[in-house]
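Beneath this line is the structure, given in structure tokens, with notes to follow.
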Amino acid sequence: MLKDFKQFVMRGNVLDLAIAVILGAAFGQIVTSLVNDIIMPPIGLVLGRVSFKKPLPQVVPTTKKCTYCISDIPIEATRCPNCTSHLA
């Protein structure tokens, strides 16, 4: 069984496909790095110091609105401290 597997793998088409997949993945990483580190920074400077690589920071809410009295309450609250209603 191992002999048959080796014979299958060593055929030209399977070996060529495996090499193509590995080279394609490496080439994709090279192109991504080239675009992000070499090409985009000068374009960002020309367009007015626009930064293409830095994502906006995610703002995590710490409060929510009470559905009954519309006051701000902590996000973990199960009961409104203002109107004492139960929150879902």
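The values are calculated or read from the model by the stated rules, or taken from the named source; none is laboratory data. These figures come from a predicted structure and were not determined experimentally. Remember, those area values only see protein heavy atoms, side chains included, never the ligands or the DNA or RNA. Shrake-Rupley method; radii C 1.70, N 1.55, O 1.52, S 1.80 Å.
The accessible surface of the chain, taken with every protein chain in place and a 1.4 Å probe, is 68 percent carbon and sulfur. Here are some values of Rg/Rh (Cα atoms, Kirkwood Rh): (1) 1.46; (2) 0.94; (3) 0.98. Which one was computed from this structure? Working out Rg/Rh (Cα atoms, Kirkwood Rh) from the coordinates points to (1).
Per residue, the chain exposes 89 Å² of solvent-accessible protein surface, assessed with a 1.4 angstrom probe and all protein chains in place. Around LYS64, which amide H atoms from residues at least 5 apart in sequence, or from another chain, sit under 5 Å from its own amide H, with H modelled in the peptide plane? Result for LYS64 returns ILE73, ILE75.
Plainly put, the range 7-51 has a radius of gyration that is 1.41 times its Kirkwood radius, both from alpha-carbon atoms, as the Rg/Rh ratio.
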